Amino acid sequence: MTKLSRRYVLVSRLLAASAVVVVVALIFGRAVVPGGKLVVSTDLTAPEPYVSQPKPSGRFVLPDADEVATLARLTGGPVYFDVTPPSAFDRVTVTEHHTANGQRSAAAEIGALSSSFDRRFQVKAARPLGASEVRPQEHVFRFTDYVPNGALRTTNISLRGSHRLLAYAADEDIFFRFTTQDMNRELGADPVIIRVYRGSAATPLIESRLADDGNAAGDQASSELRTIDLAWPRAEEDVYRLEFIASGDIFIRALTTAQTKFVFDGHLYLGDTVGYSATPPAISLVAQGNLYDVVTPHAEATQRLVVGGSGLDIDEPLRRYRFALPDAEGPQRLRSSKGDIEMEVNGVFALSEEAFFNPLPAARLINGGVASAVAAMASFELSELARTNDGAYRFFIDPKSAMTVERIEFVFERPMMRPGNIFETFRRLSSVLTEEVFPGPHDRWYDENL
Amino acid sequence: MTAGMMKTFNKYRPYVADLGRLLAATVLVIAIIVIICEKWRPGLAVAVVSPKVLVVCFVLGLALALLEEKRQSG
């Protein structure tokens, strides 16, 4: 074998290493986004960086290869998109362009996932391009005659998976104890995380964790009852938000608290009692709201749900029923004869009349329930949005009628990289790399019934 | 091909084979980086390096290296 010259070896290896370094540098540059503005655009017809194909597939039609038209058509809504920017940004603006009867007009509704564990979407007041956005005023709730009690009370109830509670406290200790059971129905570890936030703050005051029971298999071997406590001393007067984050394998079997006023914010999943109790008990609650979405996962739990004087027959498992009570005002009695039902309402659920209060603004927008508006774009603060289990931001576009899409743009923004904020820019990249993904419920986002 | 040309070609043959190996190895390293980046953020790396170009370069490099190996062993 002929010996290669030293100079050739040196130069060729250097060139090869340089090629790798250049590629890494270019990718790094794209991930850092030094300009502070990342535009992700899709016309739905071809895969684009950072954005998923829209789902569910039954709500849009792609152009055929032999068709004259080259644009996709939305035939129903909402249509969901997952977008995963490469580093952290402050704000995103979603813009949708479509053609209708040859004229350019705007979309109907645009929403963004704001809670990953109860599928809540934030729907901004949609506006035509160029109009200024009116931000809603901060809503402050106060009791005029609230007296702290402090005594611990335990409620036995079977709740499944993640829940968000709102509790009132005034110069008193906040204390919650959840007695949980891991039913191990699905493969994977099932830790529990509880966080308490004051008002609408994005940063929690305190966090508590309970590790998996040690059985990560999906063998349906239920664990012993285990408790997780959360305490925050001398809480100033305000509404506190408590997030109980867990997978659908985790059941709350009892709830002990010192708070006299606490409610479940818009979502309550009454769990089944399989593997815990032989007889499913009838459950009586209090709810306030006039739009309900309910679904039961099991055929054994088909039942009649009674809210106030109205009843809803749930005849099929896994079918999402929606019913409206346009005249409902104030708290209503809600009765489930068997439990095992997941419920959402544009208001709150309470375990008793004593615990009931409703600190939410009167005009509550939930799961796309926004008043009709002509929309072209909507902006969201990313700190107010949640991520999916895959780390993506999830958006939906809900056309009022079938429409042809020109393009959908997601513009992520943050301050441009300058000498003074270089480290901050790099921190935004590293925060994405090291961020924690929380367990969520089983992914049923794209159900045709939703 | 004249005898002179053949002589020159044979002189640089080992360099061609080495370049082939180096090209294949470099492309392999870049491909691994691209795959990791794509797993993390789909679309991030393929916008910088085309997968088609990577495949062509890898096949070219491998072909050059293997042909030379075969000649030497033959």
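The values are calculated or read from the model by the stated rules, or taken from the named source; none is laboratory data. Just so we're clear, the structure is a prediction, and the values are computed from it rather than from any experiment. Using ideal geometry, Cβ is built from the backbone for each residue, glycine included, and neighbour counts are taken over all protein chains shown.
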**Report entry** Failed condition for B:A47, given (1) within 21 Å of A:V20 (Cβ to Cβ); (2) touching a Lys or Arg at 6+ places or on another chain (Cβ under 9 Å); (3) part of a helix (DSSP H, G or I)
**Finding:** (3)
Query raised in the report: Given the structure, is A:V192 closer than 24 Å to A:K261 by Cβ and without any contact (Cβ under 8 Å) to a residue 12 or more places away in the chain?
Result: no
Requested in this report: Filter segment A:207-237 down to residues that are at positive phi and in contact with a strand residue (DSSP E or B) (Cβ under 8 Å, 6 or more places away or on another chain), then give me how many there are.
Outcome: 1
Report summary line: Log entry, pairs with first residue in segment A:195-222 being under 26 Å from A:R142 (Cβ atoms), second being in a loop (DSSP other than H, G, I, E, B) and among the charged types (D, E, K, R), beta carbons closer than 9 Å, six or more apart or on different chains, reads A:R198/A:E236; A:G199/A:E138; A:S200/A:E138
Report task. Could you please tell me which pairs satisfy a Cβ distance under 6 Å, a separation of 6+ or placement on different chains, a first residue in segment A:311-337 that is among the acidic types (D, E), and a second residue that is surrounded by 12 or more Cβ atoms within 10 Å (Cβ to Cβ) and part of a strand (DSSP E or B)? Result -> A:D313/A:R304
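Checking the conditions here, which among B:V49, B:V59, B:V16 is of a type in the set (A, V, I, L, M, F, W, C), closer than 30 Å to A:V40 by Cβ and within 21 Å of the chain's Cα centre (by Cα)?
B:V49
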**Report entry** Residue match in segment A:31-52 (condition: part of a helix (DSSP H, G or I) and facing another protein chain (nearest Cβ under 10 Å))
**Finding:** yes
Query - Residue list for segment A:1-30, restricted to those being facing another protein chain (nearest Cβ under 7 Å), outside any helix (DSSP H, G or I) and not hydrophobic (A, V, I, L, M, F, W, C) - result: A:T2
Query - Selection within segment B:26-74 - buried (at least 17 other Cβ atoms within 10 Å of the Cβ), within 11 Å of chain A (Cβ to nearest Cβ) and over 30 Å from A:T84 (Cβ atoms) - result: B:G61, B:E68
Report summary line: Condition set among the polar types (S, T, N, Q) and surrounded by fewer than 17 Cβ atoms within 10 Å (Cβ to Cβ), scope segment A:263-301, selection modelled with the highest pLDDT: answer is A:S284
**Report entry** Check on A:E435, at pLDDT below 80, farther than 13 Å from A:A88 by Cα, surrounded by fewer than 18 Cβ atoms within 10 Å (Cβ to Cβ) and not β-branched (V, I, T)
**Finding:** no
Query raised in the report: If the Cβ limit is 7 Å and pairs must be 6+ apart or interchain, which residue in segment A:375-396 that is buried (at least 18 other Cβ atoms within 10 Å of the Cβ) pairs with which residue that is assigned to a loop (DSSP other than H, G, I, E, B) and of a type in the set (A, V, I, L, M)?
Result: A:A375/A:A106; A:A375/A:A108; A:A375/A:A126; A:A376/A:A106; A:A376/A:L129; A:M377/A:L129; A:A378/A:A126; A:Y393/A:L385
Query raised in the report: Do the conditions hold for B:P14, that is, is it in contact (Cβ under 8 Å) with a residue 12 or more places away in the chain and facing chain A (nearest Cβ under 9 Å)?
Result: yes
